[in-house]
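These notes are about the structure you will find just below.
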Amino acid sequence: MVVRRSERKQGDPDLGVLAGQLLFAVQEQLFETLAHQGHSHLRPQHGAVLAYLDPEGSRATDIARHSGLHKQVVGKLLDELETLGYVERRPDPADRRAKLILPTALGLDQMTRSDAILAAVEQHHADAIGVEAYAAFKRLFTHVVRQQRAWRDQA
């Protein structure tokens, strides 16, 4: 009997499948909720930039480094977010050659709402499996992510 790959992944999903399923489920809930709260123009791709944007401003190169996205991808997403009114570019006072990406009032509102939505998601899971079990899961998951990045960087 031949077991199809899709059936094998459903019965015993690997780390990549599980991480992807979690990412997509969280993104779906986050962006649907944000849309109902007045941020209907945002897409999950924008979240990859907004998640790493400091309220005091960030450089695009720092966002790219923290997010793991290519600088050109970050630049394209920042162009879209600027057009949508979520960020603005200003000269960086520490280096006039560089641009600082600052959230607008709309961007700050989105950041605050996203933080609250994600806190509710985390609280839901902590309630479902227990606060200590959820804290242990996050510690272990964080460790696995760091180990994977370190292993990748050694290659």
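Bear in mind that the values in this text are calculations on the coordinates, not laboratory data. What you are looking at is a predicted structure, and each value in this text was computed from that prediction instead of being measured. So basically every Cβ, Gly included, is an ideal-geometry build from the backbone, and we count neighbours across all protein chains shown.
Run the quick spin-label model on Asp54 and Ala128: label points 7 Å from Cα toward the beta carbon, then report their separation in nm to one decimal.
3.4 nm
Restricting to Cα pairs below 8 Å that are 6+ residues apart, what does the relative contact order work out to for region 18-115? Please round to a whole percent. List each step's numbers first, then the result.
Values: 101 pairs, mean separation 25.7, N = 98.
Rounded, it is 26 percent for region 18-115.
Taking θ = phi - 60°, what integer Hz values does the Karplus form 6.51 cos²θ - 1.76 cosθ + 1.60 yield along region 142-155, in sequence order, with x for Gly and Pro?
Karplus values, whole Hz, x for Gly and Pro: 4, 4, 4, 4, 5, 5, 5, 5, 5, 5, 4, 5, 6, 6.
For Arg152 and Gln72, FRET efficiency with R0 = 30 Å and r from the beta-carbon atoms, rounded to 0.05? Intermediate results must be reported in sequence, preceding the final value.
Working: r = 20 Å, r/R0 = 0.68.
So the FRET efficiency works out to roughly 0.90.
If r is the Cβ-Cβ distance from Ala35 to Arg96 and R0 is 35 Å, what FRET efficiency results, to the nearest 0.05? Walk me through the numbers on the way to the answer.
Numbers: r = 38 Å, r/R0 = 1.09.
Plugging the Cβ-Cβ distance into 1/(1 + (r/R0)^6) gives 0.40.
How much mean residue ellipticity at 222 nm does the chain get from its helices, if each DSSP H run of length 4 or more adds -39500 (n - 2.57) and you divide by all residues, to the nearest 500 deg cm²/dmol?
Numbers: 7 runs with 107 residues, N = 155.
Result for the chain, helices only: -22500 deg cm²/dmol.
Non-local amide H neighbours of Asp92 (under 5 Å, H modeled in plane, Pro and chain starts lacking H): which ones?
Residues meeting the amide H criterion: Ala98, Lys99, Leu100.
For Lys138, list the aspartates and glutamates whose Cα falls under 16 Å from its own Cα; do not include residues on the same chain fewer than 8 positions away.
Those aspartates and glutamates meeting the cut-off are Glu122, Asp127.
Please give the Cα centre distance for region 63-94 versus region 15-58, rounded to the nearest Å.
15 Å
How about Lys76: which aspartates and glutamates have a C-alpha closer than 18 Å to its C-alpha, ignoring those fewer than 8 places off in the same chain?
Asp62, Glu88
If I stretch the segment between Ala119 and Glu28 completely, what's the gain in nm (0.36 nm per residue apart, minus their alpha carbon distance), one decimal?
Numbers: separation 91, 0.36 × 91 = 32.76 nm, distance 1.51 nm.
31.3 nm is the gain from fully extending Ala119 to Glu28.
Once phi is turned into θ = phi - 60°, what whole-Hz ³J(HN,Hα) does the Karplus curve with 6.51, -1.76 and 1.60 give for every residue of region 101-118, x standing for Gly and Pro?
9, 10, x, 7, 4, 5, x, 5, 4, 4, 4, 5, 5, 4, 4, 5, 5, 5
Counting other Cβ atoms within 10 Å, which GluC sites (Glu not before Pro) in region 5-65 have at most 11 and lie in a DSSP loop? Please report the intermediate quantities before stating the final value.
Working: sites: Glu7, Glu28, Glu32, Glu56; in loops: Glu56.
For GluC sites (Glu not before Pro) across region 5-65 that sit outside H, G, I, E and B with at most 11 neighbouring Cβ atoms in 10 Å, the list reads Glu56.
Using a Gaussian network model on the chain with a 10 Å cutoff between Cα atoms, which of Gln27, Gln72, Gln110 fluctuates the most?
Gln72
If you stretched the chain out fully between Arg89 and Asp12, how much longer would it get, using 0.36 nm times the residue separation minus the C-alpha to C-alpha distance?
Values: separation 77, 0.36 × 77 = 27.72 nm, distance 4.59 nm.
Separation in residues times 0.36 nm, less the Cα-Cα distance, equals 23.1 nm.
Using amide H atoms built in the peptide plane, which far-off residues or other-chain residues are under 5 Å from Val87 H to H?
Hits under the 5 Å cutoff: Glu82, Thr104.
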